[in-house]
Amino acid sequence: MSMGLRLVLKEELNLVYLFLKLIIIKKLLKKIMSLKIFAGVAKGFSLATPRNLKIRPTTVQLRRKLFDSIQDMSDKTFIDLCCGTGAMGLEALSRGVKHLIMLDTHIKLADQNTKKLVDQYKLKTSHEVQKSDCIRWINSHLEYLTQEKPILFFDPPYEKKDLYKSFMELPLNEISSISIVEGCEQKTMRIAEFEKIFGPADKSFRQGTSYFLLYRFDVR
């Protein structure tokens, strides 16, 4: 075999190797980015996820820890604020929450995932997906929230510290039974700093630099 032919074959093998490597990486990324409901009637349901990074789905580990700590939600309304893909709200729906409200300024993914899940599992639970600014929506529904005492889950973009401030300054003890905030120690603020400003949480959950702070008002 001539030297020239050997070089050609070597280059072709390198290209094949690179192609196979890209396929493996693509499959791994797809697995990492996959988002599923992990409990309840819709366990295993795969949600559509964003192709860009503007929406940041909550990690599975954090979702599991949070919902396992709340347990029974059959008599509760769950409101997913800044819902993104709808993963948190749909997890609550799968676990038998009484009523679900999901809010965001961009609701395409949440709406798509909700319709698909409800249709696939024939769920009858009342639910709604609304395009709305979360803080404005809360301020315009204070009477309803005071009567309903829902579970509020708040997960804005980590960098939007003004939104965190606006949410934490709401009368959460009057308008919710449980309020949960998701943040990041690198991009939002450290847990200790957050609690120093807004008060100590009843429970906290961490995964890497992300965290949940749970404020419970139904047992105080």
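Filtering the stretch 174-186 to residues that are out of contact with any helix residue (DSSP H, G or I) (no Cβ under 7 Å at 6 or more places or on another chain) and either outside the structural domain of L81 (by TED's automatic domain parsing) or loosely packed, with under 14 Cβ neighbours inside 10 Å (or both) leaves only Q186.
Answer with yes or no whether M168 is out of contact with any Ser or Thr (no Cβ under 9 Å at 6 or more places or on another chain), surrounded by 14 or more Cβ atoms within 10 Å (Cβ to Cβ) and farther than 19 Å from S132 by Cβ. No: the conditions fail for M168.
Annotation note: of P200, P157, the sole residue that is at pLDDT 90 or above and surrounded by fewer than 14 Cβ atoms within 10 Å (Cβ to Cβ) is P200. Answer yes or no as to whether L142 is surrounded by fewer than 17 Cβ atoms within 10 Å (Cβ to Cβ) and either touching a residue at least 40 places away in the same chain (Cβ under 8 Å) or hydrophobic (A, V, I, L, M, F, W, C) (or both). Yes; evaluated as a whole, the condition is true for this residue.
Conditions (1) touching a Pro at 6+ places or on another chain (Cβ under 9 Å); (2) not charged (D, E, K, R); (3) not assigned by TED's automatic domain parsing to the domain that holds S177, marked per residue:
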| residue | (1), (2), (3) |
| --- | --- |
| K76 | yes, no, no |
| G86 | no, yes, no |
| H99 | yes, yes, no |
| D111 | no, no, no |
| I138 | no, yes, no |
| P157 | no, yes, no |
| K161 | no, no, no |
| K165 | no, no, no |
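Would you call D133 within 26 Å of I197 (Cβ to Cβ) and surrounded by fewer than 18 Cβ atoms within 10 Å (Cβ to Cβ)? Yes; evaluated as a whole, the condition is true for this residue.
Can you name the residue in the stretch 177-208 that is touching a residue at least 60 places away in the same chain (Cβ under 8 Å) and of a type outside the set (D, E, K, R) and is also farthest from I138 (Cα to Cα) among such residues? Here the residue is G208. Do we have T209 as out of contact with any Leu (no Cβ under 9 Å at 6 or more places or on another chain), among the β-branched types (V, I, T) and surrounded by fewer than 21 Cβ atoms within 10 Å (Cβ to Cβ) here? For T209, the condition - out of contact with any Leu (no Cβ under 9 Å at 6 or more places or on another chain), among the β-branched types (V, I, T) and surrounded by fewer than 21 Cβ atoms within 10 Å (Cβ to Cβ) - is met.
Mind checking which residues of the stretch 90-99 are of a type outside the set (G, A, S) and either over 14 Å from the mean Cα position of the chain (by Cα) or farther than 19 Å from F45 by Cα (or both)? Selection gives R95, V97, K98, H99. In the stretch 182-206, the qualifying residues are those that are touching a strand residue (DSSP E or B) at 6+ places or on another chain (Cβ under 6 Å) and of a type in the set (D, E, K, R), and the one that is nearest to G84 (Cα to Cα) is E182.
State which residue pairs qualify: first residue closer than 15 Å to T49 by Cβ and inside the stretch 100-115, second residue modelled with pLDDT under 95 and exposed (fewer than 15 other Cβ atoms within 10 Å of the Cβ) in any location, beta carbons under 8 Å apart, and separation of 6 or more residues or different chains. Listed pairs, sorted by first residue: L109/A48; Q112/A48; N113/A48.
The values are calculated or read from the model by the stated rules, or taken from the named source; none is laboratory data. All of these numbers come straight from a predicted model, not from anything done at the bench. Here Cβ is always computed from backbone atoms with ideal geometry, including for glycine, and neighbour counts include all displayed protein chains.
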